[in-house]
Structure formats: C-alpha cells, structure tokens
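First up is the structure itself, then whatever we jot down about it.
The values are calculated or read from the model by the stated rules, or taken from the named source; none is laboratory data. Everything numeric here is computed off the predicted structure, so don't read it as measured data. All Cβ positions, even for glycine, are placed from backbone atoms using ideal geometry, and neighbour counts span all protein chains on display. Note: accessible area is taken over every heavy atom of the protein model, side chains too, but ligands, DNA and RNA are not part of it. Shrake-Rupley method; radii C 1.70, N 1.55, O 1.52, S 1.80 Å.
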Amino acid sequence: MRTTREMLSEYAVIIVTGGSSGIGKAFIEHVTKLDSRVVICNLSRSKPDGFIGQLNLRHVPVDLTNAAALAGAAATVLGLLNYDIPLGKIMLINNSGFGGYGRTDELARADQVEMIDLNVRAVVDLTARLLPALKAQGGTVVNIASTAAFQPTPFMATYGATKAFVLHWSLALGEDLRGSGVEVLAVCPGPTSTEFFRRAGLKQGAVTERWGQTGEEVVAEVFQALARGRRQVVTGWRNRLLAAVAARLPKPLAARLGAAVLAKFRMSRVAAPVAAPGDGPGGAV
Ligand SMILES: NC(=O)c1ccc[n+]([C@@H]2O[C@H](COP(=O)([O-])OP(=O)(O)OC[C@H]3O[C@@H](n4cnc5c(N)ncnc54)[C@H](OP(=O)(O)O)[C@@H]3O)[C@@H](O)[C@H]2O)c1
C-alpha cells in the first residue's frame, strides 16, 4: 500500500472549497505539512488565515451559492490550471457546506434553499465544470458528505437529505467515471469540532465534546482512504458503528429513532431560529 505522502506526490494541485475554516482548513494544513510542493487552490468567501508566506496557496474568493459567481470562480481555476500550475493530477475537494437545527416549519425557508444551493447544487456544478480538466490530467473528486447521509435526520431534515444526495451521487459518479482516470471518494464524518455547530444554531462543543473528532483526525483518515483507493470512508470507529446500524434499519424506524436522539439537541440551542412571515417551508422547499 502507498503511503499518504507517496499518494500525494502524484498530485500537482488540490482544489478545496471552504478552506477558511474547520475540516477544509485542516485539509490545507495537512497537505502543506506533507508536501509543500503541491499548489492549493481555495474557494470560499473569506481567505484562510494563518498561511502567510505559503507561496503555493491561491485563494479564489467566491460565494458558491451564487451560480454566476461559481461559474466565474471555476473559470479562474481553469485559467490557473492552464497557466500557473505544473501538469499533474488534480484533487477536487468539495467541502463547503452548512446545516441548520430546528423543526423544518420553524427554520427560515431562505436558509434551507441556500443550504441546498451550497451542499448540493454547488457540488454538482463545480465538479461538472472541472471534470474535463480532471479527466485530461487524471485525478480525484473528494466529496464531504456526513454520517447524516445514512438515515433521515429530523430536526436537521434538509441538511441530512443534502448529505444523502452527496453520498449517493458520489458513489454513482465513481462508477460513471470508472476507467476514466478519475476516482471519487465519499467522506462521511460524524460530529467534528468546527464552526459547523455554531452556524447550525447549536452551542459549540454541544455534540463534539464527548465523542467528536477534530478536523485533523478526519483529514488523516481521508488521506489513508485515498492511499488505499477507497470509494467511501466513514471517519471514526463510533461513527462507523452507528452508520452501519442506521443504514440497516427500516427508514421509518430510523426516522423515529433519529427524532428521539436529535430532539435532545434542543437543550444546546444558541437561539431559536425565527422564520420570517411567509418564509416557512411551504413557500419554496
Ligand atoms: N463539523 C461536523 O460535525 C460535520 C460533520 C459531518 C459533515 N460535515 C461537513 O463538513 C464540511 C465542512 O464543514 P465544517 O465542519 O468544517 O464547518 P465550518 O467550520 O463551518 O466550515 C464551513 C466552510 O464552508 C465555507 N462556506 C460556507 N458557506 C459558503 C459559501 N456560501 N460559499 C463558499 N464557501 C462557503 C466556509 O467558508 P466561508 O465562510 O469563508 O465562505 C467554511 O470554510 C461541510 O460540508 C459539513 O456539512 C461537518
């Protein structure tokens, strides 16, 4: 089996979305430590801090929920690939994403549509735009799904469904691209200590303190999975166990049990999200 360093040595560039924080930032740190030769191209709204002097980091500022901005950012990346980056394999890591906690009828309609735009539409759109380059140079698409993908997730209904999409889409894409020189890895982390919970409306550490992972631990497992040529990785042994059980339950039962477990997170809410008048899910979701 190749080491992660040997695997990474085949790549000229890592394109990552959401490298300004959490798991995405851990990807940049990991790659920088393992192989300072690899060019890292980050797509997010804010620039990743703490990488001053890192000559191989390119930041393309973009709000990926904006279709026109995404198209512009993809064109910029393709320009960099043509003129600025040596030839070699390309790794695309679709990592940007967010969730929201609360009953669907309490959550703002606009937030849920934005979640679908970022977690689903942007993943498909960016991948499709960069795929010709990946096929020409060889490479890997790494999509960050979640253990939320294995069962319905009451109180995070839209989020869990976006991640079920990412998991199934990634596995199917991997088969569509078999033999093309492009591999696809679906990553399913469980609770990880990042900004995710704060943005979802929960107290930081509410879920991660007892059995969460760090971004670094998640990324280390992703690179091991890549070195082994895996197509799916659930990070952390507790998450693997829970995902294996959840995936085998009848879906209505999994939803019922999920509701009982996820209802407890109410205690950790930072503030109850308020849906604007006419902003309920009946509007557009
Ligand atoms: N943390 C967990 O427990 C957990 C568990 C399973 C899966 N995940 C998944 O892991 C991925 C990374 O999340 P994280 O935990 O690292 O959370 P995080 O710390 O909140 O990071 C989210 C990243 O997404 C970027 N992002 C958010 N909105 C964006 C937009 N409109 N356009 C472009 N980029 C945007 C953010 O960058 P800017 O704000 O600078 O744009 C940030 O870098 C997500 O897909 C999440 O669903 C997380």
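A few notes on this one:
- Only residues that are surrounded by fewer than 24 Cβ atoms within 10 Å (Cβ to Cβ) and touching a residue at least 60 places away in the same chain (Cβ under 8 Å) were counted in the range 123-137, giving 2.
- Yes/no for A172 being out of contact with any His (no Cβ under 8 Å at 6 or more places or on another chain), over 26 Å from T104 (Cα atoms) and away from the ligand (no atom under 12 Å from the Cβ): yes
- Helices (runs of 4 or more DSSP H) enclosed by the range 174-234 - at least 3 residues per element that are at pLDDT 90 or above and of a type in the set (A, V, I, L, M): 215-227
- Counted residues, the range 159-190 - those being farther than 26 Å from W211 by Cβ and touching an Asp or Glu at 6+ places or on another chain (Cβ under 9 Å): 3
- Residue match in the range 208-216 (condition: on the phi < 0 side of the Ramachandran plot, in contact (Cβ under 8 Å) with a residue 60 or more places away in the chain and surrounded by 19 or more Cβ atoms within 10 Å (Cβ to Cβ)): yes
- Filter pass, G99 being within 12 Å of the ligand (Cβ to nearest atom) and either farther than 21 Å from A172 by Cβ or among the charged types (D, E, K, R) (or both): yes
- Residue in the range 168-180 that is at positive phi and out of contact with any Lys or Arg (no Cβ under 9 Å at 6 or more places or on another chain) present: yes
- Hits in the range 151-162 - residues which are in contact (Cβ under 8 Å) with a residue 24 or more places away in the chain and either assigned to a loop (DSSP other than H, G, I, E, B) or out of contact with any Gly (no Cβ under 9 Å at 6 or more places or on another chain) (or both): Q151, P152, T153, P154, F155, M156, A157
Residues checked against (1) touching a Leu at 6+ places or on another chain (Cβ under 9 Å); (2) open to solvent by 20 Å² or more (accessible area, probe 1.4 Å); (3) closer than 24 Å to Q137 by Cβ:
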site	(1), (2), (3)
E10	no, yes, yes
R45	yes, yes, no
A74	yes, no, yes
G97	yes, yes, no
A110	no, yes, no
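- Looking across the range 235-269, not a single residue is at pLDDT below 70 and in a loop (DSSP other than H, G, I, E, B).
- S180 being among the small types (G, A, S), touching a helix residue (DSSP H, G or I) at 6+ places or on another chain (Cβ under 7 Å) and within 11 Å of the ligand (Cβ to nearest atom): no
- Being touching a residue at least 40 places away in the same chain (Cβ under 8 Å) and assigned to a helix (DSSP H, G or I) is a property that does not hold for V142.
- Strands (runs of 3 or more DSSP E) contained in the range 6-122 and holding at least 3 residues closer than 27 Å to A225 by Cβ and modelled with pLDDT of 95 or more: 11-17, 39-44, 89-94
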